[in-house]
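The values are calculated or read from the model by the stated rules, or taken from the named source; none is laboratory data. Here the structure is a predicted model, which is why all the values come from computation and not from measurement. All Cβ positions, glycine included, derive from the backbone under ideal geometry; neighbour counts span all protein chains shown. Quick note on the areas: whole protein, heavy atoms, side chains included, nothing else; ligands and nucleic acids left out. Shrake-Rupley method; radii C 1.70, N 1.55, O 1.52, S 1.80 Å.
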Amino acid sequence: MSWHPRYRSSKFRHVYGKAASKDKCYDCVPITRNVHDNHFCAVNPHFIAVVTECVGGGAFIVIPIQQTGKLDPHYPKICGHKGNVLDVKWNPFNDFVIASCSEDASVKIWDIPKHLLTRNITNPKKELLGHVRKVDLIEWHPTANNILFSSGYDYKIMIWNLDTREAVISNPVKILDAHKDVVLSMSFNTDGSLLATACRDRKIRLIDPRAGTVLQEASYKSHRVNKVLFLGNVKKLFSTGTSRWNNRQIALWDQNDLSVPLLEEDLDGSSGLLFPFYDSDTCMLYVAGKGDGNIRYYEISPEKPYLNYLMEYHSHLPQKGIGMMPKRGLEVSACEIFRFYKLIPTKSLIEPISMIVPRRSESYQEDIYPLTTGAQPALTAQEWLNGFNKGPLLVSLKPGSGAVNSLPQFLEAEPLMKTTDLSQHQGQGGRLPPEDMQKRSEMEDSRKQLQAEKKLWKNEQTHLSNGFDLSECPPPKTENELLQMFYRQQEEIRRLRELVNQRDIQIKQLELELKNLYMDIGSY
């Protein structure tokens, strides 16, 4: 008998990592020396936020993404915390709002101005006071607007609704009190209806955040978990941790059965933490080690062996933390499918690393860029708190395209109601079923959003020149300021084009929904 090796065909088999050149790195950045196991870095298409060293409290800096090279030693900071900053996260639906948490047991929300910072920011937009011990983790909800989760050393997870006018919020809308020790990691599924947590008591918990109930609990003795990650579209969980012999270990779990892992693998004997990152568009999983310079990447498949090793990016410079760019900030013309921002405190350097699919053509590659999560919320905060679930609004990365409303891949479409059922509903006091009420509310929200955008556009026209406030942004005096102004105008032009495209698509969607509604009413 002859042995035939098993080959897998994959368009991502030859993905490679490419570090940015020195002139495209961020140099002389005072990266924090804190030993806490967090990323210490958050990135969006406009800014990169990094936790820094600061005397007398905690601080972080926000650098425009185009401002590479050496950083001014007197660069302004965001320094309103009284203790060390432990985590920062950008609002996924507003690139100019960031949340931070600190050892002073507070969470603060900050507005970042569009123009360049000229002085330190010390007054937050909102302050969340509910924890009694230091807060080390924060996460924004993936589909609902202005919903924030925070976790602290009081073993509690608090859910905050930021849709209030109060500057200081002391009462969270929900407190999850299901943990007996410090929460090490939090992760949401695609529509944000489930929360997975890793705790210092070595257990993985699957929680319904609105009900506060634990749906699943894993206490596998041979795997001491540190980080957990939802692989939403394949209904699996991925965790990193250590084995009984203190080897770094990864494990894959079935979302519906956490009793025994589907897969368990030892990687090496290093002591640094493993940070997992998942790209649901390409089904690729990246594992970066703290204290070393390597990034391993795998491809996830729904069938055995589930986890398929692809390659490893090697570097001699160790990373303390690492941030990732959202998909909408990638360079699609270079076939870039993922981008890391690596913190190297020994050199005070932030080094971008691009993961690239080698392609000869420079045209847009639709097969490696499916519809991805956009920057518009699918739900309001109150809708999510009332029990509604909705997948993220998807956009195309193709230049010139706009937002598309779609369901995530793993959700099944609900069956259409029969006319007899509808007539029964109409007979009950003329009330519509919840599904139709939700559709009508979505249409009304879309109309209100369009009207609000039109009013905002008219107001901006009266106060802005080329998209910039002349009172806040004086004319440039040096060549460097002129160049920065040019970049900002280019970014404003790109943003306005995207806004026009999104409005056109929203109008088409409203027309289609009205047509369908009239047809449904006519058929009944």
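Structure above, values below:
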| quantity | calculated |
| --- | --- |
| Largest to smallest accessible area among Glu217, Glu513 [probe 1.4 Å] | Glu217, Glu513 |
| 14 Å beta-carbon shell around Gly241, net charge (K/R +1, D/E -1) | +3 |
| Gain upon complete extension [Leu215, Gln67; 0.36 nm per residue less C-alpha separation] | 48.7 nm |
| Peptide ranges 105-112, 60-67, 306-313 listed from the most packed, as the mean C-beta count within 10 angstrom indicates | 105-112, 60-67, 306-313 |
| Estimated FRET transfer efficiency when R0 is 22 angstrom, pair Phe96-Tyr153 (beta carbons, to 0.05) | 0.15 |
| Semi-axis lengths, Å, region 289-341, gyration tensor of Cα atoms, sqrt of 5 times eigenvalues | 21, 19, 10 |
| Column: log10 I(q)/I(0), Debye, Cα scatterers of region 172-268, q = 0.13, 0.17, 0.21 Å⁻¹ | -0.40, -0.68, -1.02 |
| Descending semi-axes in whole angstrom, ellipsoid equivalent of region 1-147, from the Cα gyration tensor | 34, 21, 16 |
| Calculated P(r) of region 16-373 - Cα pairs past 38 Å, % | 13 percent |
| Distance in nm between pseudo-label sites at Ser348 and Leu512 (7 Å out along the Cβ direction from Cα) | 5.3 nm |
| Subset of Lys108/Lys227; Lys24/Lys227; Lys125/Lys174; Lys18/Lys342; Lys18/Lys227 violating a 19 Å alpha-carbon distance limit | Lys108/Lys227; Lys24/Lys227; Lys125/Lys174; Lys18/Lys227 |
| Contour minus Cα-Cα distance for Ser361 and Val260 (0.36 nm per residue) | 31.9 nm |
| Directionally averaged projected area (convex hull, Cα atoms, region 9-87), nm² | 7.3 nm² |
